[in-house]
1. With the requirement that a residue be under 20 Å from the mean Cα position of the chain (by Cα) and either under 22 Å from Lys24 (Cβ atoms) or not in a loop (DSSP other than H, G, I, E, B) (or both), what does region 55-67 give you?
2. How many of the residues in region 171-188 are outside any strand (DSSP E or B), buried (at least 22 other Cβ atoms within 10 Å of the Cβ) and more than 12 Å from the chain's Cα centre (by Cα)?
3. Could you identify the single residue in Ser137, Ser130 that is at pLDDT 95 or above, within 12 Å of ligand 2 (Cβ to nearest atom) and surrounded by fewer than 20 Cβ atoms within 10 Å (Cβ to Cβ)?
4. When you scan region 48-81, how many residues do you find that are closer than 15 Å to Leu110 by Cβ and either hydroxyl-bearing (Ser, Thr, Tyr) or surrounded by 17 or more Cβ atoms within 10 Å (Cβ to Cβ) (or both)?
5. Pick from Ile230, Ile256: which is of a type in the set (A, V, I, L, M, F, W, C), within 16 Å of ligand 1 (Cβ to nearest atom) and out of contact with any Pro (no Cβ under 8 Å at 6 or more places or on another chain)?
6. Please state which of the following conditions Gly214 fails to meet, knowing it meets all the rest: (1) among the small types (Gly, Ala, Ser); (2) out of contact with any Asp or Glu (no Cβ under 6 Å at 6 or more places or on another chain); (3) surrounded by fewer than 22 Cβ atoms within 10 Å (Cβ to Cβ).
7. Of the residues Glu43, Glu69, which single one is without any contact (Cβ under 8 Å) to a residue 24 or more places away in the chain, away from ligand 2 (no atom under 16 Å from the Cβ) and at negative phi?
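The values are calculated or read from the model by the stated rules, or taken from the named source; none is laboratory data. This is a predicted model, so every value here is computed, not measured. Here Cβ is always computed from backbone atoms with ideal geometry, including for glycine, and neighbour counts include all displayed protein chains.
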Amino acid sequence: MKKILITGGAGFIGSHVVRRFVNKYPEYQIFNLDALTYAGNLENIKDIENQPNYNFLKGDIVDANFIDELFSQHKFDGVLHLAAESHVDRSIEDPLAFVKTNVIGTMNLLNAAKNQWKGNFEGKRFYHISTDEVYGSLGAEGLFTETTPYDPNSPYSASKASSDHFVRAYGETYGLPYVLTNCSNNYGSYHFPEKLIPLFINNIINNKSLPVYGDGNYTRDWLFVEDHAIAIDLVFHEGKNHETYNIGGFNEWKNIDLVKLLCQIMDGKLEREKGTSEKLITYVKDRPGHDLRYAIDASKINKELGWKPSVTFEEGLEKTINWYLNNEEWLKNVTSGSYKDYYKKQYS
Ligand code: NAD
Ligand code: DAU
């Protein structure tokens, strides 16, 4: 039996990864460690919480003693590390929170794994999940590859870049068997409505304005979250130690074009007159240090591990919009804050 620690499993991407691992690998014991910050929502994984191979642990990765004790108690074979402060706008308001969780928290996990595995790395693996934002901003041309130099611009991306460097350093210095992935923008179900797509879906439903930063001519490469979870499963099981893989959607959209597409689809779904939602678009002050364009060259993971996105953007967006429309209660619980009560109801 393998004991696998997944951090941040009550968040957006983590919940999809936990669900996949719990359902697909009954032979593993999955431990979901999450501090339940504002971004952690146990309603995201309530469908698997009673599975015999699922265990929830509430705790903070910044607390080194707690993490050390957890590793000595459970003797994990593998770690998939997703816990992070993940929102760029919040990192501009409170950079230190990002250093604590993303840098110190990652260090605590690396130290605990190194100390528990003590150079006996057979069957062990530390998987660090990271972002394409560490590469900085592209101009109109080109793609990020695994050898693009790091050039982070926001406190969020600087903290993720720092954690990536520490993971590599532990691989080089102590031989820690790690794999690392840098992925582009995800979208899909259970996405906290502070990020562009879920925020705008929620605002359209509620007839609220759609705040487009600057002129809206910023480009992101969008990937369906379930395809990211598939890639993470593949890299965890088949990726080569000490390797980085870029993961992306081959799917670049200027923000303003994506927002207009979303408006059109939502008008149809909500049976509103054509053009109704577009009227909600409001151009607002730009994000400071706003990266112009992200786009991933995902050919390495495609050639070496055979991964490519399984859905088109049209299919993924359709599934996503339908999910939010069919799960308005999830959205209401998040926006009212009542999702915070779920832990108390279930676990205390
Ligand atoms: P999220 O904000 O939705 O979830 C983060 C989770 O981590 C939450 O459940 C939160 O409670 C938990 N957490 C935060 N601080 C913690 C701490 N100190 N101790 C324990 N748990 C803590 O994030 P996400 O969008 O799901 O991103 C997950 C990971 O993937 C992050 O590392 C992020 O950098 C990376 N990533 C995200 C995207 C994206 O588009 N969302 C793309 C590429 C990479
Ligand atoms: O590229 C991967 C990254 O994608 C992840 O590492 C981050 O965790 C994730 O949050 C995401 O970062 P972005 O900053 O690209 O995502 P966000 O949804 O915040 O913004 C997407 C684009 O939309 C960006 O150009 C800013 C713009 N935007 C965003 C919001 C929230 C707006 O114009 N208005 C908004 O209200």
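1. The initial filter retains those residues of region 55-67 that are under 20 Å from the mean Cα position of the chain (by Cα), namely 56-62.
Those that are under 20 Å from the mean Cα position of the chain (by Cα) and either under 22 Å from Lys24 (Cβ atoms) or not in a loop (DSSP other than H, G, I, E, B) (or both): Phe56, Leu57, Lys58.
2. Of all residues in region 171-188, those outside any strand (DSSP E or B) come to 171-177, 184, 188.
Next, from what is left, pick out any that are buried (at least 22 other Cβ atoms within 10 Å of the Cβ): 176, 184, 188.
Narrowing further to those that are more than 12 Å from the chain's Cα centre (by Cα): 176.
Total meeting the criteria: 1.
3. Values: Ser130 fails: surrounded by fewer than 20 Cβ atoms within 10 Å (Cβ to Cβ).
Step by step, each of Ser137, Ser130 is checked, and only Ser137 is at pLDDT 95 or above, within 12 Å of ligand 2 (Cβ to nearest atom) and surrounded by fewer than 20 Cβ atoms within 10 Å (Cβ to Cβ).
4. 10
5. Details: Ile256 fails: within 16 Å of ligand 1 (Cβ to nearest atom).
After applying the criteria, what remains is Ile230.
6. It fails just one condition, (2).
7. On the way: Glu43 fails: without any contact (Cβ under 8 Å) to a residue 24 or more places away in the chain.
Among Glu43, Glu69, only Glu69 is without any contact (Cβ under 8 Å) to a residue 24 or more places away in the chain, away from ligand 2 (no atom under 16 Å from the Cβ) and at negative phi.
This table checks each residue for (1) within 15 Å of the chain's Cα centre (by Cα); (2) in contact (Cβ under 8 Å) with a residue 60 or more places away in the chain; (3) more than 10 Å from ligand 1 (Cβ to nearest atom); (4) part of a loop (DSSP other than H, G, I, E, B).
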residue	(1), (2), (3), (4)
Asn120	no, no, yes, yes
Phe126	no, no, yes, no
Glu141	no, no, yes, yes
Asn153	no, yes, yes, yes
Ser157	yes, yes, no, no
Ser162	no, yes, yes, no
His165	no, no, yes, no
Tyr190	yes, yes, no, yes
Phe200	no, yes, yes, no
